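The values are calculated or read from the model by the stated rules, or taken from the named source; none is laboratory data. Remember, predicted model here, so these are calculated numbers, not experimental data. All accessible areas refer to the heavy atoms of the entire protein, side chains included, with ligands and DNA or RNA removed. Shrake-Rupley method; radii C 1.70, N 1.55, O 1.52, S 1.80 Å.
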Amino acid sequence: MVVAQERPSLANVFRQLSGSAFPPVVETYERGKTIFFPGDPAERVYFLLKGAVKLSRVYEAGEEITVALLRENSVFGVLSLITGQKADRFYHSVAFTPVELLSIPIEQVEKALKENPDLSMIMLQGLSSRILQTEMMIETLAHRDMGSRLVSFLLILCRDFGVPSPEGITIDLKLSHQAIAEAIGSTRVTVTRLLGDLKQDQMISIHKKKITVHNPVTLSQQFT
C-alpha cells in the first residue's frame, strides 16, 4: 500500500526558506500601523505569525476599499511572484490587530518556488482562499445599507476567524468599533449603534471586544 506523504505546512516551509544565508526578519506592528503602502518596492514576502492584516485598495479620490483580512499562517506581498515581473506594491497593508510577521527577500522565495513543488501548491491554495474572501468582501461593500454591510462582514469573520463556543461562533479577534467601521466604510458611531441593535435582538454578544454570533445561519437569513 502506498501512503501519501503529508505536505509540510506553509509555516514550516516558510521557516525553512529563512535559512542561515537569509536569516528571518521578525517584525511587530500595533493595530492601525502600515506594513506597506501602494507604490512601495516589493522586496520582501511576509508570513503572518500572529494577528490579522487588512489589505485595501486606495483610489485617486481617496476612497479606500478593504479587499481582504488575512489570518494567522497567511502569506502576502507576493504579487511579483504571480506576474513574474518586478512590481511595486499594489495594496495598502495595515495591521488590523497587533501583528507579528516573518519576512524574507522575494528573490529567495522565487528560487524556492522553482525548486519546491510543494511550496507552489501550498501557496496556490492560500491564494485561492484569499481570492474567495476578496469576492465576499466586494459583495459586502456592494450593500448600500450599513446594517447589511456589517452583518456580511461579521459572517466573513465567522468563516475565517470563527471558533465554536457554547454560545455560537466566537470571532477570535479583539475588534474595536473603529476598526470595524474602517473595514466596511462606515463610522464608529454607526457601527456602535448597529452592534447595539444586534445585541438587543440577541443575535450577537460581545465580551472583551470579541464578538460571538449566536447563529450565523439565522443572522444571514434575517439581515442579508
If amide hydrogens are placed 1.01 Å from N in the peptide plane, which non-local residues have theirs closer than 5 Å to the one on residue 211? 171, 173, 175
Could you tell me the accessible area of residue 91 in Å² (1.4 Å probe, neighbours in place), rounded to the nearest ten? 70
Lysines near residue 54 by alpha-carbon distance under 19 Å, same-chain residues fewer than 8 away left out - which ones? 33, 174, 209, 210
Report, by chain and number, residues whose modeled amide H sits under 5 Å from the one on residue 44, excluding near sequence neighbours (fewer than 5 apart, same chain). 106
